[in-house]
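Worksheet for the structure shown next.
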Amino acid sequence: MKKSKISNTTLDRLPIYYRCLKKLKEYKIDFVSSKELEKRTGINSNQIRRDLYDVRMDISYYHDFGVRGMGYPVSSLLEILEKILGLNNEIEIALVGAGSLGQALISYKEFKKMGLKIKYVFDIDSKKDSSQLADIELYDIANISNIITKNQVKMAIIAVPASAAQEIANELVEAGVEVILNFAPVYLELPEEVTVRNEDLSIGLIGLSYHLSKQQVQEAPLKYLG
């Protein structure tokens, strides 16, 4: 497999560009400058140009994506990012955990717009009210291995308590899952070839709380130094 020239930090920004370009295409806008992308995404225009340069190098395309005096062609750049991100074909996802968080993820409409489909939902209580599952069949968590293997599912979301997350992750990987989005507040120990993205909501809020506490520390530094 060819080693990617795109860093993980750049990969984190590509979906933002992709979503922005999708909107521009809906508005029938044919070209967009890096400055306009900066206004719409909040990402510095120099960073955008560097990221798109990395994309060009990754696909061995040695000409600028942009057109002088006009900017980037929206449709062409969107198509390139779709292929880079693997969104040119619909991706079926398994969701483990049909509680409040799981139900919220199922209701999230942006997944469908991005070519992502939650198709298999597992829960320890397979008789749970499925009215909030958007007509997706709910499977008993004991059937994960069989269903994941049979349908060759490669992407999964974990939305279970921390105490169950590692065991679930192990089972998913053994069944063939290669990419996991983990909402459980726990570090997962998995083989290097498995890609894991952790989305711990509490950590995100704690990080934001820094901006509240910073002013308090500045106003009364001696108190915090003892």
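The values are calculated or read from the model by the stated rules, or taken from the named source; none is laboratory data. Everything quoted here is computed from the prediction, not taken from an experiment. Methodologically, a virtual Cβ is constructed for each residue, glycine included, from the backbone with ideal geometry; neighbour enumeration extends over all protein chains shown.
Numerical summary
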read-out	value
Residue list for the range 104-160, restricted to those being among the polar types (S, T, N, Q) and modelled with pLDDT of 95 or more	N143, S145, N146, T149, N151, Q152
Those helices (runs of 4 or more DSSP H) lying entirely in the range 100-161 with at least 1 residues closer than 21 Å to E178 by Cα and among the small types (G, A, S)	100-107, 144-151
Enumeration of residues in the range 46-57 that are touching a helix residue (DSSP H, G or I) at 6+ places or on another chain (Cβ under 7 Å), under 16 Å from Y18 (Cβ atoms) and of a type outside the set (A, V, I, L, M)	D51, D54
Counted residues, the range 70-99 - those being over 18 Å from the mean Cα position of the chain (by Cα), part of a loop (DSSP other than H, G, I, E, B) and surrounded by fewer than 20 Cβ atoms within 10 Å (Cβ to Cβ)	2
Residue count, the range 164-208 (criterion: β-branched (V, I, T) and in a helix (DSSP H, G or I))	4
Helices (runs of 4 or more DSSP H) (entirely within the range 1-68) containing at least 2 residues that are at pLDDT below 95	8-26, 45-58
Tabulated pairs, the range 19-31, first within 15 Å of K112 (Cα to Cα) and loosely packed, with under 15 Cβ neighbours inside 10 Å, second modelled with pLDDT of 95 or more and not basic (K, R), C-beta under 9 angstrom, 6+ apart or interchain	K23/I29
Count of the range 66-113 residues which are more than 25 Å from A175 (Cα to Cα) and touching a Pro at 6+ places or on another chain (Cβ under 9 Å)	3
Verdict on A156 being at positive phi, assigned by TED's automatic domain parsing to the domain that holds G97 and touching a residue at least 24 places away in the same chain (Cβ under 8 Å)	no
Residues being surrounded by 15 or more Cβ atoms within 10 Å (Cβ to Cβ), polar (S, T, N, Q) and over 20 Å from I106 (Cα atoms) - total across the range 159-205	1
Any hit, the range 117-126, residues being under 30 Å from D30 (Cα atoms) and without any contact (Cβ under 8 Å) to a residue 60 or more places away in the chain	yes
